[in-house]
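The values are calculated or read from the model by the stated rules, or taken from the named source; none is laboratory data. Not measured: the values here are computed from a predicted model. Reconstructed Cβ throughout: ideal geometry from the backbone, glycine too, with neighbour counts over all protein chains shown. Please note that ligands, DNA and RNA were not included when accessible areas were found on the heavy atoms of the full protein model with its side chains. Shrake-Rupley method; radii C 1.70, N 1.55, O 1.52, S 1.80 Å.
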Amino acid sequence: MKIITLDEHQFDEFAKNNKYRNYYQTSNYGKTISKHGYNIHYIGIIDENDKLLGAALLLYKEVFMNYKIAYAPRGFLLDYIDLNMLTEFTNRLKKLLSKQGYISIKIDPYIPVNIRDNTGKIININNEANIILENLKSIGYKYMGPNLFFEDEKPRFEALITLNDDIKKIYHKFEKRVRHKIKNSIRNGIEIYKGKKEDLSLFYEFIKKKYNKPLEYYQDLYTNFEGNIDLYFAKLNTETFVITNRIQYERELEINNYLTNEIQNASNINNKKKIINQKIESDKLVNTYKKNLVWATNLLKEKPEGIIIGTTLNIIYDNACYLVIEGFNQKFKSQNPNYLIKWKMINDYKNKNLKYINLNAVSGEFEKITKYSGLNEMKLGFNSLITEYIGEFELIISPLPYNLYKNLNKDKKGSIF
């Protein structure tokens, strides 16, 4: 066996048919990331007949004293079950990278361990996963553990909406609260539309605080995945918003007036107390709805053309949609723009015959309340399945400089990737 350098075409041709293919292991992603502080290298492993057996896109950065750290996002594209091949590939890669000044390489293979339902209950187990885990550990890969949250470079748990059912069945399998939020969003005048590349500046305003990536990164991502990338926006129709809030206010005002009359006419003391309590609650609602109506009216005056309140960026790869990043204006949280965008995505991608929508990360804690419980609740309410991946591994290539680098950076948080 021998490790060789691949060009973009050779790499993509191999990658698109590999069992563990993913959009991170593509030249489209490589071209994007190479413009934003990372070097890239496409490698392959061939047998004695020059047959390509495996490949990988490696990202790398110089960290100190000309030493480098590498990362294969979502892992190598090779047969992890074949211990002999995995061992020889690893040994040759380690020898090659050592000569070139690398001190470690990190991988997080695109290998599912379990499929769970939306409560976190395991419904399918990948029997190969434990063999792969032991294979990697036996040849020197340090396992970073079955992390439940977001300690790894890529999420270990992701939520998937399958699109194999009829659209009505898909909708009725959502949790009741999700269906309510979708209806409420429509009633309040939220409209979903697709944006274009020139709209990325607007998109960026919603997501720029989430990750340390510049606008240019998303512009390059859009260019390199053009034709397979979608930008969605949620726009609030401020005229409809006023009408909805006025109806809500006037309806509650009628109820409030009715309760006032009922109190005056009530002869039974217990019944009167019950109505008074109802009136108190109605007074609160009247006050809330009045404030909402004032807010909506002012919005209409300021933004008669409507206002953008949410956005999502998706990549289409291998007959599936991958939600890359989303954001919305917290002032309009109660209008649930992120729920309606997902419902629009489901309809659009169902019509395009995609297999599923990957909603990206959820946490792996399904019983205890954590700061990520709201994230899980939102994504899993769509009757999503959960894919649990094998996790992250690190192969130390040069122990002395690696340990020195770690000691020098032990107080720094975050990752260079």
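For the stretch 1-94, what is the accessible area per residue in Å², given a 1.4 Å probe and the full set of protein chains? Show your work: numbers first, answer last.
Values: 4210 Å² over 94 residues.
So the stretch 1-94 comes to 45 Å² accessible per residue, rounded to a whole number.
Choose one answer from K301, K379, K273: the residue with the largest mean-square fluctuation in a GNM of the chain with alpha-carbon springs under 10 Å.
Top of the fluctuation ranking is K273.
Provide, as a two-decimal number, the C-alpha radius of gyration of the stretch 51-139 over 2.2 N^0.38 Å, N being how many residues it has. Intermediate results must be reported in sequence, preceding the final value.
Details: Rg = 15.7 Å, N = 89, 2.2 N^0.38 = 12.1 Å.
The stretch 51-139 yields a ratio of 1.29.
Percentage of Cα-Cα pair distances in the stretch 4-58 greater than 16 Å, rounded to whole percent?
Counting every Cα pair in the stretch 4-58, those more than 16 Å apart make up 38 percent.
Can you tell which of Q335, Q100, Q219 shows the greatest fluctuation in a Gaussian network model of the chain with Cα springs below 10 Å?
Q100
What does the charge count near T119 come to, summing +1 for each Lys or Arg and -1 for each Asp or Glu among other residues with Cβ under 12 Å from its Cβ?
Once positives and negatives cancel, what remains is -2.
With all distinct Cα pairs included, what does the Kirkwood hydrodynamic radius of the chain come out to in Å, to one decimal, could you say?
After inverting the pairwise mean of 1/r, the radius is 24.5 Å.
Tally Lys/Arg at +1 and Asp/Glu at -1 over every other residue whose Cβ is under 10 Å from the Cβ of N147; what's the total?
Value of the local net charge: -2.
Fully extended, how many nm does the chain gain between K352 and F149 (0.36 nm per residue separation, minus their Cα-Cα distance)? Display every interim value, and only then the final one.
Details: separation 203, 0.36 × 203 = 73.08 nm, distance 3.25 nm.
Gain on stretching K352 to F149: 69.8 nm.
Around K352, under 15 Å between beta carbons, what's the net of Lys plus Arg minus Asp minus Glu among the other residues?
Local charge sum for K352: +1.
Given all pairs of different Cα atoms, what value in angstroms does the Kirkwood hydrodynamic radius of the stretch 119-232 take?
On the way: mean 1/r = 0.0524 Å⁻¹.
So the Kirkwood estimate lands at 19.1 Å.
Quick one: with all protein chains in place, what share of the accessible area of the chain is carbon or sulfur, to the nearest percent (1.4 Å probe)?
About 48 percent, which is the carbon plus sulfur part of the accessible surface.
Counting only Cα, what are the radius of gyration and maximum Cα-Cα distance Dmax of the stretch 30-179, in Å?
19.2, 60
So with the 1.4 Å probe, I'd like the accessible area per residue for the stretch 366-417, rounded to whole Å².
I get 58 Å² per residue for this part.
Once amide H atoms are built 1.01 Å from N in the peptide plane, which residues 5 or more positions from L53, or in another chain, come under 5 Å H to H?
Hits under the 5 Å cutoff: I45, I46, D47.
Measuring from centroid to centroid over Cα atoms, what is the spacing of the stretch 1-18 and the stretch 197-255 in Å?
Result: 38 Å between the Cα centres.
Where only protein heavy atoms count, and the probe is 1.4 Å, what is the accessible area per residue for the stretch 206-318 in Å²?
It amounts to 59 Å² per residue over the stretch 206-318.
What whole number of Å gives the distance from the Cα centroid of the stretch 360-402 to the Cα centroid of the stretch 124-163?
What the calculation gives is 9 Å, centre to centre.
Check G306: other-chain or 5+ apart residues with amide H under 5 Å from its amide H, H built from backbone geometry?
T238
When the chain is treated as a GNM, springs tying every alpha-carbon pair under 10 Å, which of I132, I123, I346 comes out with the largest mean-square fluctuation?
Sorting by GNM fluctuation, first place goes to I123.
Roll a 1.4 Å probe over the protein heavy atoms and report the accessible area of K333 in Å², nearest 10.
Its accessible surface works out to 120 Å², give or take rounding.
Please give the FRET efficiency for Y258 paired with K290, using the beta carbon to beta carbon distance and R0 = 22 Å, rounded to the nearest 0.05.
Between Y258 and K290 the formula returns 0.80.
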